[in-house]
Ligand SMILES: [Fe+2]
C-alpha cells in the first residue's frame, strides 16, 4: 500500500527531524523542506496529505507560504508549527487558511489527533466530490452537525474552567496581571516581567529594548541573587521566577527587594505564576477550538452553497461585499469580525430546508415560501447554543428584515433591525440580483445599483444603501 505523505517545512533541522520521526511512527511517509521556496517545488512532485509549516523562516514567511499553497490547492490542509508564545501568530495563520496548529513540545498523541482529523476531512471532501445526490449531501451535513456538537461540549467545559481561574484574555493581559498581583503581594518591591525572545533565547527588557542573558537555571526554578546597590553597601535582593508554559520558559518575573522574600511570599508568587500558565494554556486551547468550530461551520456553509449549483460561492461573495461596505463605515475591529462571521454563515439555516423546496427553480407556493422563510430562525438556533457565536446569532436571525418593516421573521423596522444585519441584507440582495438563475439572467451591476437605489427606505437602510452604491460604483 502506498503511504500518504506529509510535507514538513521548518528552517530548524532538529524540528524537521523530530516531527518527521513522530509522523513516520504513525505510519505516514514524510518529506522535508528547509524553506517555503523548496516546499513549493516539492509540492509539485506528488500528492501530499497535508503540510506542517513553521512561521518564522528565511526567504519566505510561513504566512506567505500558506497563501501560496492555498492559491494552488485550497483543499490541502496546512498545520502551523508554533511555540506557545505565539498563539496570536497561529491564529493569523489560520485566518490565512491554515487548518490547525501544533506547539512545542511535540507529542506523538497530539500529531495523531491532527492527522486523524486531516484524514477524516479528506475522506469527507472526497465523498463530497464523488457523490452529488441530495441524500448524500444530507449525510455529510449530519456528520458536520455531529462534529459541531462535539466541539461545543469541549468548548463549554473549557470555558467553565477558564472562567473560574482568571479573566485574562491574552498574553498582554496576562503579563499586566502578573505584575499587578505580584506588586500587591510584595508591597515595596520593584517588579518587572521580561519576556523571552524566541529568536535569540534571551530575556527581553521591553522598556529599554535591551536583551539580558537568560539564566539556564531558570528551567529548574527561581533564583535568588544578592546585590550591593551603591557605595554605601546597601543590600538588594533580586529574585527571578520563570514563567513556564507547556514546560518551556516563556519569560521571567524579576523582583528586586530590600530583604529576602521569605517562603510564604515566594510560594504565593509561584502559585500565581502556575495558575496564570494554566490559564494561558486554556486560552490557547480555547482559541484553537474556536477556530476549529468556525472552520466546521464554514465547511457547512460551503456544502450548503454547493447544494444548489446556481448559488455556489454565494456565501463567499456576500461576505466580500459586506466587508466592502464595511470599509466605508466606522466599525470597530470587533464589529468587523462579527460581520465577517455572520455574513459567511448567514444562510446556514438552509440546512433545515428540504431540497424539493430549496432547489425548486421557480413558482414557490405560499406554503413553500413559508418554509423558506424559516431559515433565518433555524440558522440563529444553530448558533445560539455556541457561546462564542452569541453576537452573530441575532445578526443572522434578522438578515431578511426590511427597512420598511415588511420583512421576516419578525417584521422589525428601521433602527430596530441590527445594524450589521442591514449591511448583510444589502450584500445578499445585490448578489442575488446579479446572479443567473435557471429561470432568469442576472442583472448587470448598473441595473442592480439602480434597483438598490429604487428600494432605499423600502427594503434597504437608505444611508447604508447610498454608501453601498458608492463603494460598488467606484471600487
Ligand atoms: Fe437568506
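The values are calculated or read from the model by the stated rules, or taken from the named source; none is laboratory data. This structure is a prediction, so every number in the text was calculated from the model and none was measured. Using ideal geometry, Cβ is built from the backbone for each residue, glycine included, and neighbour counts are taken over all protein chains shown.
Any chance you could count how many residues in the stretch 349-363 are within 14 Å of the ligand (Cβ to nearest atom) and either part of a helix (DSSP H, G or I) or without any contact (Cβ under 8 Å) to a residue 12 or more places away in the chain (or both)? Walk me through how you get there before you give the answer.
Filtering the stretch 349-363 down to residues within 14 Å of the ligand (Cβ to nearest atom) leaves 349-353, 357-358.
After this cut, where a residue has to be either part of a helix (DSSP H, G or I) or without any contact (Cβ under 8 Å) to a residue 12 or more places away in the chain (or both) as well, the list is 349-352, 357-358.
Looking only at that region, the number is 6.
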Residue within the stretch 381-393 that is within 16 Å of the ligand (Cβ to nearest atom), closer than 29 Å to residue 450 by Cβ and without any contact (Cβ under 8 Å) to a residue 24 or more places away in the chain present: no
Close pairs (6 angstrom Cβ cut-off, 6 or more residues apart or separate chains): within 13 Å of the ligand (Cβ to nearest atom) in the stretch 418-434, at pLDDT below 95 and not in a helix (DSSP H, G or I) anywhere: 424/346
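Yes or no: residue 367 in the same structural domain as residue 462 (by TED's automatic domain parsing), over 21 Å from residue 313 (Cβ atoms) and within 13 Å of the ligand (Cβ to nearest atom)?
Values: in the same structural domain as residue 462 (by TED's automatic domain parsing): yes; over 21 Å from residue 313 (Cβ atoms): yes; within 13 Å of the ligand (Cβ to nearest atom): no.
Considered against the rule, which asks whether it is in the same structural domain as residue 462 (by TED's automatic domain parsing), over 21 Å from residue 313 (Cβ atoms) and within 13 Å of the ligand (Cβ to nearest atom), residue 367 comes out as no.
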Qualifying position, being outside any loop (DSSP other than H, G, I, E, B) and surrounded by fewer than 17 Cβ atoms within 10 Å (Cβ to Cβ), among 465, 432: 432
All positions within the stretch 435-462 that are more than 16 Å from the ligand (Cβ to nearest atom), surrounded by 17 or more Cβ atoms within 10 Å (Cβ to Cβ) and not in a strand (DSSP E or B): 443, 448, 449, 452, 455, 461
Matching option when the condition is over 21 Å from residue 313 (Cβ atoms), in the same structural domain as residue 466 (by TED's automatic domain parsing), modelled with pLDDT of 90 or more and within 11 Å of the ligand (Cβ to nearest atom), among 346, 398: 398
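Which residue out of 415, 392 is more than 19 Å from residue 351 (Cβ to Cβ) and assigned by TED's automatic domain parsing to the domain that holds residue 337?
Details: 392 fails: more than 19 Å from residue 351 (Cβ to Cβ).
Exactly one residue qualifies, and that residue is 415.
Picking from 253, 339, 331, which residue would you name as being in contact with a helix residue (DSSP H, G or I) (Cβ under 9 Å, 6 or more places away or on another chain), at pLDDT 70 or above, surrounded by 20 or more Cβ atoms within 10 Å (Cβ to Cβ) and over 30 Å from residue 201 (Cβ atoms)? Step through it out loud before you land on a result.
Values: 253 fails: over 30 Å from residue 201 (Cβ atoms); 331 fails: surrounded by 20 or more Cβ atoms within 10 Å (Cβ to Cβ).
From the options 253, 339, 331, the qualifying one is 339.
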